[in-house]
Amino acid sequence: MVNMATRKTTKTKKRVVAKSTTTAAKRRRKSPGPGRRPVEFIATSPKGKKIKGVGIRKFALRYNMNPNSIGKVIRGEEKKHRGWKFKKVKTR
């Protein structure tokens with residue numbers, strides 16, 4: 001925008017800076033929603049070792065993996081993630 005009296009240009013739009021996530025928001029994200037349970041699954045490592053896991057996010061953090069990719073393998077959208085195979089355990 002140009003001010004005709006002084007012929008100076010000014011910016012009218014300001015850059016919006018995102019605020020950091022609060023502790024309460026982080027805590028909410030870690031827990032499943034009401035009525036939801038953590039997924040139980042069997043993980044097979046690239047070396048063939050089988051590990052029983054409960055909770056995709058917790059497992060992913062422990063083994064330095066992406067929880068979204070683990071979920072895709074469990075749902076059958078992908079075959080492996082970082083050489084690991086995952087299979088959902090049927091619960092009642």
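The values are calculated or read from the model by the stated rules, or taken from the named source; none is laboratory data. Treat the numbers as computed from the prediction; the structure is a model and nothing was measured. A quick note on method: Cβ atoms are made from the backbone with ideal geometry, for glycine too, and the neighbour counts reach across all protein chains shown.
A few comments on the model shown:
- SER31 being of a type in the set (Ser, Thr, Tyr) and at pLDDT 75 or above: no
- Matching residues in segment 52-65 - criterion: being over 19 Å from ARG37 (Cβ atoms) and surrounded by 12 or more Cβ atoms within 10 Å (Cβ to Cβ): TYR63, MET65
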